[in-house]
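First the structure, in the form of C-alpha cells, and then the observations on it.
The values are calculated or read from the model by the stated rules, or taken from the named source; none is laboratory data. These numbers come from a predicted model, not from an experiment. Note that we place each Cβ from the backbone using ideal geometry, even for glycine, and neighbour counts take in every protein chain shown.
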Amino acid sequence: MTDQIGAAGDTVLDRLGRWMADRLRRESSGYQPYTPSDFPTLCATLRPGDVILIEGNERISKAIKYLTQSTWSHAALYVGDILPMPEDGGERPRLVEVNLGEGCVAVPLSKYETYNTRICRAAGLDDDERAAVVQFMIGNLGLRYDLRNIFDLARYFLPTPPVPVRWRRRMLAFGSGDPTRAICSSLIAQAFQSIRYPILPERRAGGSDYAAEEIYHIRHHSLFAPRDFDLSPYFRVVKPTLESGFDFRRMEWAEAEGAEGAR
C-alpha cells in the first residue's frame, strides 16, 4: 500500500513538473535580435569546445537574465561534426545543451540562427583538451532533469523577485536535488573543470605562512551561470565578423536624406 501511495505521489509530481516546465518554456512575445544574424560567418568561425551564449526568449530566460543581471540566459557547447547525421537526412547536430524538460540533448546550430549569440573560447587548449571537453558533454547526452524537483522550477515563476541584487544569484542554487540542472551552464562548467580549466576562480588569502599568496579555487559547478563564460578572464570573446577579416573601408553607407542639399 505504501509503495502504491508513493508511486501515485510520484505521478502527481511528475505531471506537475511537466506542466511547470511547459509554462516556463513558452516563448515571450516581441523578441527581436539586436543585430541581423550573419549565420554563415558564425558557422565558419566556431571551433569544437567553443561555448555559445544565447539570449533566450522563453519565460525562464527572462528570470535567468534578471537573476544574473545579464543579457545571456542560455549556453551550449559546439562539438563540431563528431555526432552522426540524423537518419531522416536532417541537419547534423553540432551543439550539446541542457534544456528544461528535455535534459542534455544534441541540436543543430540553426536552432539559434535568429538569436543574439556570443562565442566564448577557452584560451590555450590543445586538440586533445578540446576533444576531452567535447567528449564530456557527449557522454552526458540523455541526462535528464528531474521534474519532480518542484522548488527548482517554482523559483522561475517570479522573473523579478523582490530580493537584493547580492542575493539574486543565490536564488539559482535554491531548491532540491542538483540545483542548477535546469541551467545549461552547470554541465558545461563541469566539462571544463574535468580538464582543470578555470572559469571564474575565487581569490582566497593563503595560510599564515603565505599571507600574501592568492590561491585560486575552482568554484563548484552549481554556482555558474551563462554570463560567467563572458566575464571569465580565461575565455576570449570571439566575434565572427572580425574573425573573417572585417575592413570598415569596404562598407557602403547610405547617404542621409537631404545630405546633398546640405553641402
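When restricted to residues that are on the phi > 0 side of the Ramachandran plot and crowded, with 24+ Cβ neighbours inside 10 Å, the range 57-78 contains 0. Scanning the range 116-140 for residues that are over 14 Å from THR41 (Cα atoms) and touching a strand residue (DSSP E or B) at 6+ places or on another chain (Cβ under 6 Å) yields CYS120, ARG121, ALA122, ALA123, MET137, ASN140. When residues in the range 219-242 are screened for being modelled with pLDDT of 85 or more and assigned to a helix (DSSP H, G or I), 8 of them pass.
The condition (being modelled with pLDDT of 65 or more and either aromatic (Phe, Trp, Tyr) or surrounded by fewer than 16 Cβ atoms within 10 Å (Cβ to Cβ) (or both)) is satisfied by just one residue among TYR216, TYR210, TYR156: TYR156. When the range 89-104 is filtered for residues that are surrounded by fewer than 18 Cβ atoms within 10 Å (Cβ to Cβ) and either within 16 Å of GLY49 (Cα to Cα) or modelled with pLDDT under 90 (or both), the ones remaining, listed by number, are GLY89, GLY101, GLU102.
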